[in-house]
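The values are calculated or read from the model by the stated rules, or taken from the named source; none is laboratory data. Computed from a predicted structure; not experimentally measured. Note: ideal-geometry Cβ built from the backbone for every residue, glycine included; neighbour counts use all protein chains shown.
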C-alpha cells in the first residue's frame, strides 16, 4: 500500500492506494472502508484516539482501490490556533532577542476494512479488518505518517519527477530558502524597515519551526541560497532601509508563519447614515416623522505598498502575501495607548482587482499596492 510513513501537507491531494484485494464468491458488493484516526492529547495527560475521516468505495470486485484522505488530514488540524506563534513574534519585538516557535507535526493511523455480501451467511455483510506487514511487523492500525499545515501548488507538484511522490512533502523536493517551509525568493535580499523583525522558517523531522529575529538579535547573514537542506545556521539575507516600515506576520501556503515589511500611508474614516423613523409623543396619538444620525464604528485602514522590488519579489507579494483562501495576517500596531507594540489581526486585499506585476515595455522596477484594514471595530 502506498501512502504510509510519509509526511504530507494537508491542503495537497493525499492519495493512498490499496492493492492486492481478494474477494470470495460472487458478491454484488465489494466495499473497502478506510478510517483515518489520530491521537488527541487530553488536558490531564494521555490521549484519545479520534476519528478524523471515514471513506468507503465499492470496488466492483477489482483488486485495487484509491482514496484521497486530504479532508481527514485537514480535520486533524481544525483546532489549531496560531496564537502561540504570534506571541513568540511579539516576544521578539519586546525582548529584543530571537524567539523560536515550534509546532509538532501530527501523526495518524489507518484502519482498513473489507466488506462484502455473503450468501453463505444468509445475505449479510461480512466485515474484515485488514493488516499489512511492514519491515516484518504486522499492523492492523497501519502507521499512516505525519501531516502538517499547508499545501503545494500545482506548479510545485508538476516539477516533482516521481508522480507518486507528488502527494508528499519530501524535504529534498521543496524549499530553496531557510528550510523548506518558507516561500520567499532567494534571488535577491529581502527589503525590510530599519527596525523590522525577520523570520527563519523551516521543516524539521517531526516539527515545523519559525524563528523571529529583531534587528539587534539577527545573526550575521551569509549567502544561504546554496546551503544544504536542513541547515539551521544564520538568518536570511535582508536589506534594511533607513526608514521605518510596517511589520506583518502571515500564514504562507505551506502553513508556516512568516514576516514581511511594507510601506504605509494611514487613513481613518467614519461614515454616518441618516435614517427616518416614526415616534409617538404624548399627549398626541399621531406618530411624527423624525431623523436619526447613525454613525458606524470607526475602522482604520492603511494604503500600503511593497516598495520597488524585483520581478520575483513582486510575484511573491502578489501570489503569496495577498493571495490565499484561508490567509491570516497580523500587523505590528504601534498606536497610542499601548505600553509596547503588539500584533493585531488585520485583513489584506489588493489595491486593485487587477494587479499588474511587471511590464517589460516599461523600464522601471515593479511595486505591489494593497489595502490593510483593522479586523477589530472600535
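Quick notes on this structure:
- Residue check: residue 8 meets all listed conditions (1) within 22 Å of the chain's Cα centre (by Cα); (2) under 30 Å from residue 193 (Cβ atoms); (3) at pLDDT below 90 but one, namely (2).
- Test: residue in segment 117-128 that is over 29 Å from residue 12 (Cα atoms) and outside the structural domain of residue 33 (by TED's automatic domain parsing): no
- Residue identified as outside any loop (DSSP other than H, G, I, E, B) and either within 33 Å of the chain's Cα centre (by Cα) or under 19 Å from residue 260 (Cα atoms) (or both) among 115, 85, 81: 85
- Applying the set (1) assigned to a loop (DSSP other than H, G, I, E, B); (2) surrounded by fewer than 20 Cβ atoms within 10 Å (Cβ to Cβ); (3) in contact (Cβ under 8 Å) with a residue 24 or more places away in the chain to residue 44 leaves exactly one unmet item: (3).
- Subset of segment 49-71 (residues that are more than 25 Å from the chain's Cα centre (by Cα) and part of a strand (DSSP E or B)): 56, 57, 58, 64, 65, 66
- Filtering segment 145-186 to residues that are modelled with pLDDT of 65 or more, under 23 Å from residue 108 (Cα atoms) and part of a loop (DSSP other than H, G, I, E, B) leaves 149, 150, 151, 152, 180, 181.
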